[in-house]
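Chemist: Could you have a look at this structure, given as structure tokens, before my questions?
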Amino acid sequence: MSKQQEVSTKIEHTNIVLGKQNYTLMLVGLAVIIIGFILMSGGKSEDPNVFNADEVYSNRRIVIAPIVVILGFVIEIVAVFYKPKK
């Protein structure tokens, strides 16, 4: 058997590491992370000479958005390690 035939035989028998459910969970995690970053954005003032602390330090930007981003990363970790039942 030539070396090229051995390589092609090994490639044919290789299983895919992640399944469809894993990729679906990864997309959900990515969407949650993006939503978290969107929640963090904003705070632009109409007048650059005026500092509005209520906009910049709102609960949405300081508390909720980071929790959503961390939740997205947790979903990503679960997606990688998730093993579907057969």
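The values are calculated or read from the model by the stated rules, or taken from the named source; none is laboratory data. The structure presented is a predicted model; accordingly, all values stated were derived computationally and were not measured. Using ideal geometry, Cβ is built from the backbone for each residue, glycine included, and neighbour counts are taken over all protein chains shown.
Chemist: Do you know which residues across the stretch 10-32 are at pLDDT 85 or above and farther than 11 Å from Pro84 by Cβ?
Modeler: The answer is Tyr23, Met26, Leu27, Val28, Gly29, Leu30, Ala31, Val32.
Chemist: Check the stretch 72-85 and report whether any residue there is modelled with pLDDT under 95, exposed (fewer than 10 other Cβ atoms within 10 Å of the Cβ) and over 25 Å from the mean Cα position of the chain (by Cα).
Modeler: Scanning the stretch 72-85 turns up no residue that is modelled with pLDDT under 95, exposed (fewer than 10 other Cβ atoms within 10 Å of the Cβ) and over 25 Å from the mean Cα position of the chain (by Cα).
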